[in-house]
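**Q** Handing you a structure now.
The values are calculated or read from the model by the stated rules, or taken from the named source; none is laboratory data. Small disclaimer: the values here were computed from a predicted structure and weren't measured. Note that we place each Cβ from the backbone using ideal geometry, even for glycine, and neighbour counts take in every protein chain shown. What goes into the accessible areas is simple: the full protein's heavy atoms, side chains included, and nothing from ligands, DNA or RNA. Shrake-Rupley method; radii C 1.70, N 1.55, O 1.52, S 1.80 Å.
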Amino acid sequence: MVRFIFDLDGTLTTCETLPVISDHFALQEKIADLTRLTVQGNIPFIESFIRRVGVLGKCSVSQISDLLEKVPLHEKICAFIAENPEHCVIATGNLYCWVDKLVRRIGCQAFCSEAVVQEDSVTKISSILKKESLVTFYRDRGDTVVFIGDGNNDMEAMRLADVAIAAGLIHFPAHSILTVADYAVYDEGALCRLLGQLL
């Protein structure tokens, strides 16, 4: 079975989600530099993620969930997922308590990082998703794994996948993933056509 594993931010969404949160709560400056450096691969994802959650974790979880539910999506890619939900999963380092309503809109299984929530705020991160572990899980089941991502934190998963697609839909893909990608795609329609061919 072909298994498509999609990164969330910038691959399925038409913007990065953490800046949406930081803009809403007027924390833009603290988050913007961390996000840029992380996407470029200058700060390891886990270190950056812990630092960003440290900044945003005090914000209302329910407000963040409601806010991210409205984030615009790449409609053609989401239509492909809606037509093939059994073949598709989402892999995001983002916290499930923040993106729960957003991923439900997309309509396929999602794997996320997890956090402890008390009194509507994140008190600590309980697990950070390793996307490469998901690739290994599906490959061990005998699936042919196609990974679609855009950031440095997708590199190891893409390296292990049977087919790796660098998606440059909202920004240029991280240089690290271009070294392991089988395809680099910069147009949503072209990506959907490629996914159809691989299916």
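**Q** Which whole-number percent is the relative contact order of segment 75-183 (Cα, under 8 Å, 6+ apart)?
**A** Values: 167 pairs, mean separation 18.6, N = 109.
For segment 75-183, the relative contact order is 17 percent.
**Q** In debye to the nearest 20, how big a dipole does the chain give about its Cα centre with +1 on each Lys and Arg Cβ and -1 on each Asp and Glu Cβ?
**A** Here the size comes out at about 200 debye.
**Q** Based on the mean of other beta carbon atoms within 10 Å per residue, what is the order of 156-165, 189-198, most packed first? Let's see the in-between values first.
**A** Values: 156-165: 21.9, 189-198: 14.8.
Averaged packing, sorted descending, gives the order 156-165, 189-198.
**Q** I would also like to ask the following. For the chain, build the convex hull from the C-alpha positions and give me its volume per residue in Å³. Numbers along the way, then the final one.
**A** Numbers: hull volume 20.1 nm³, N = 199.
With only Cα atoms used, the chain gives 101 Å³ per residue.
**Q** Ok, one more. So what is the relative contact order of segment 18-83, in percent, for Cα pairs below 8 Å that sit 6 or more residues apart?
**A** 31
**Q** Share of antiparallel DSSP beta bridges in segment 89-197, in percent to the nearest 5?
**A** Working: 5 of 16 bridges.
Looking only at bridges with both residues in segment 89-197, the antiparallel portion is about 30 percent.
**Q** Given a 1.4 angstrom probe, I'd like the percentage of the accessible area of the chain that is carbon and sulfur, rounded to a whole number. Provide the component values of the computation, followed by the final result.
**A** On the way: 4520 of 8910 Å².
Carbon-and-sulfur percentage of accessible area, whole number: 51.
**Q** Over the chain, what is the percentage of antiparallel beta bridges among all DSSP beta bridges, to the nearest 5?
**A** On the way: 6 of 25 bridges.
Within the chain, antiparallel bridges account for around 25 percent of the total.
**Q** Next question, about the same structure. State the answer as a single residue: which of T179, I50, H87 lies farthest towards the positive end of the charge dipole of the chain, with beta carbon charges of +1 for Lys and Arg and -1 for Asp and Glu, about the Cα centre.
**A** Most positive-ward Cα: I50.
**Q** Please state the charge dipole magnitude for segment 89-199, taken about the Cα centre, from unit charges on C-beta atoms (+1 on K and R, -1 on D and E), reported in debye and rounded to the nearest 20. Provide the component values of the computation, followed by the final result.
**A** Working: 10 positive and 14 negative charges, 29 e Å.
In total the dipole reaches around 140 debye.
**Q** Considering all alpha-carbon pairs of segment 122-164, what whole percent are spaced by more than 13 angstrom?
**A** Numbers: 476 of 903 pairs.
Of all Cα-Cα pairs in segment 122-164, 53 percent lie more than 13 Å apart.
**Q** Here's another thing I want to ask about it. When all protein chains stay in place, what accessible area (Å², nearest 10, 1.4 Å probe) is found for F172?
**A** In the full protein context, F172 sits at about 120 Å².
**Q** Another one. Using only Cα positions of segment 1-99, each an equal point scatterer, no hydration layer, compute I(q)/I(0) via Debye at q = 0.15, 0.25 Å⁻¹ and quote the log10 values to two decimals.
**A** -0.65, -1.40
**Q** Then there's this: Send over a whole-number figure in Å² for the accessible area per residue of the chain, probe 1.4 Å. Don't skip to the end; give the middle numbers.
**A** On the way: 8910 Å² over 199 residues.
I get 45 Å² per residue for this part.
**Q** Could you tell me what % of all Cα pairs in segment 110-190 have separations over 19 Å? Walk me through the numbers before you get to the answer.
**A** Working: 1512 of 3240 pairs.
Everything past 19 Å amounts to 47 percent.
**Q** In the chain, what cysteines have no partner Cβ closer than 4.7 Å?
**A** C15, C59, C78, C97, C112, C192
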